[in-house]
1. Taking amide H atoms as placed 1.01 Å from N in the peptide plane, list the residues 5 or more away in sequence, or in a different chain, whose amide H sits under 5 Å from that of Ile88.
2. By its C-alpha gyration tensor, with a ≥ b ≥ c as the square roots of the eigenvalues, how is region 40-108 shaped: rounded for a/c under 1.5, else prolate for a/b larger than b/c, else oblate?
3. Using θ = phi - 60° and the Karplus relation 6.51 cos²θ - 1.76 cosθ + 1.60, list the HN-Hα couplings for region 128-138 in order, rounded to whole Hz, with x at every Gly or Pro.
4. With the cut-off at 27 Å, tell me which of the pairs Lys181/Lys237; Lys93/Lys237; Lys239/Lys286; Lys163/Lys217; Lys26/Lys122; Lys163/Lys286 have Cα atoms farther apart than that.
5. Give me Phe134, Phe75 ranked fewest to most by other Cβ atoms within 10 Å of their Cβ, as a rough exposure proxy.
6. Taking every DSSP beta bridge with both residues inside the chain, roughly what % is antiparallel (nearest 5)?
7. 222 nm [θ] for the chain, helices only, -39500 (n - 2.57) per DSSP H run of 4+, per residue, to 500?
8. Around Phe249, what is the net charge, scoring Lys/Arg as +1 and Asp/Glu as -1 over all other residues with Cβ under 9 Å from its Cβ?
Amino acid sequence: MRPIWEKLKNDPLLREKIYTKAKILKLIREFFDKEGFLEVDSPTLVTSPDPSPFNEVYEIKDQEQRIFLTPSPEFLLKKMLVAGFENIFQITKAYRDQNEQDPLHLKEFNILEWYRTGGNYKNLMDDCENLVRFIKNGLKKDRIFYQGEEVDVNSPWLRISCKEAFKKYAGVDLDEFLDPKKAEQICQKKGYLTENSSWEELYHQIFLNEVEKELLKSPALILYDYPAPLAALSKIKEKDKKYAERMEFYLAGIELGNGYSELTDWKEQEKRLRSDLEERKRKKMKVFEPDRDFIEALKEGMSETSGIAVGIDRLIMLFTDSKDIRETNPFCL
C-alpha cells in the first residue's frame, strides 16, 4: 500500500480536494463574520465530557486526574454564553471512540458549532440553508453534483417533522409509539427485536430500516420535532410536550448537522445528564462525573439560544464529490 504522503504528492485530484477544503474553511469564517458572529476557542482535553450514550469517548492516561478528549465543545461554548458572549462559533477537532470503519466516520474529525443568541431551531434551519448556499456561491459552483446526482440547494429544502415522517414512511403513529408498551407491540408486529431493547432502540429500528432510507431520497432535507425521549440538550415544545425543538439536516443522503433550541433549565439539564450516565452504565460504556461547572453556569442563567454541530468533513465530501470521508482527511484514522 502506498504511503499517504506519496498519494498526496502524485494524485492531482486528491491534492485539489485539500485546496478546496481550505477554501471552504475560509468561506465558513466569512459567512459567520458577515452574520456578526465571534469566533472562539476551547480546549479538547476535559475532565467531564458530554455523556451522550451514543458516543464513546477517549480517555487519556494522567497520574493526577481523569482526562478525556472531548466529543464536542458544546458545554464549554455554553459557559461562554453564560459569561456574556453572544452569537459565537468554533471550528475545532472532536474525538469519538467508535468501531465504525465506513465512509462517513472518523475517530478524529473537524466540527463546526455555532450558537445564535435569541434564536430557536427554526433560525438554525435558515442558517443551514444560507451557509451551504454561501459556500456554493463562494466556490463559484453553478450546480452541485454528488456521486452522479444533482443536489439542488437553491430551491427550498424539504422540511418534515418526525411525526409526519413516521406516518408517511412507516405507517406508525408516533404519538402512540411514545408509549413504551405500544412501541414494543408495534415493533413485534413488524418483526423487529424487542427483548431487552430500550425505547430509543425500538425507535431507531423503525427509523433506520423504514423511515430514513425514504427521507434520504430527498437531496436537501431537514427533519425536525424529535420525540421528547430524544431531546438530548434541546427544549421541549411548549404546545406539545411529547416533542422537542430539535432538528437535523441532510444533503445527498449524508447527515450533516444536529441542532436545538437549547435547554436552559438547569434542573432539567442535570436530570438528563444523570440519565445519560445511567444509560452509559447499562451499555457498559465509560462513566465519569457530570460537568458540575456546566450546571452551575446554567444556574446563573443562559439566554434563549439555538445551537448546532455540523460535521465539516462531511460537508467537504459534498463539495468535493468524495465517496469516502478519508479523502478529505488523508492522514486520519
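1. Excluding prolines and chain starts, which carry no amide H, the hits are Leu38, Tyr115, Thr117.
2. The shape class here is oblate.
3. Working through the residues one at a time gives 4, 4, 5, 5, 5, 5, 5, 5, 4, 5, x Hz.
4. Correct reply: Lys93/Lys237; Lys239/Lys286; Lys163/Lys286.
5. In order of increasing Cβ crowding within 10 Å: Phe134, Phe75.
6. 90 percent
7. The helix contribution divided over the chain gives -11500 deg cm²/dmol.
8. Combined, the nearby Lys, Arg, Asp and Glu give -3.
Each value in this text was obtained by applying a stated rule to the coordinates, not by laboratory testing. In this text, all values refer to a predicted model and were calculated from it rather than measured experimentally. Cβ coordinates were reconstructed from backbone atoms using ideal geometry, including for glycine residues, and neighbour counts include every protein chain displayed.
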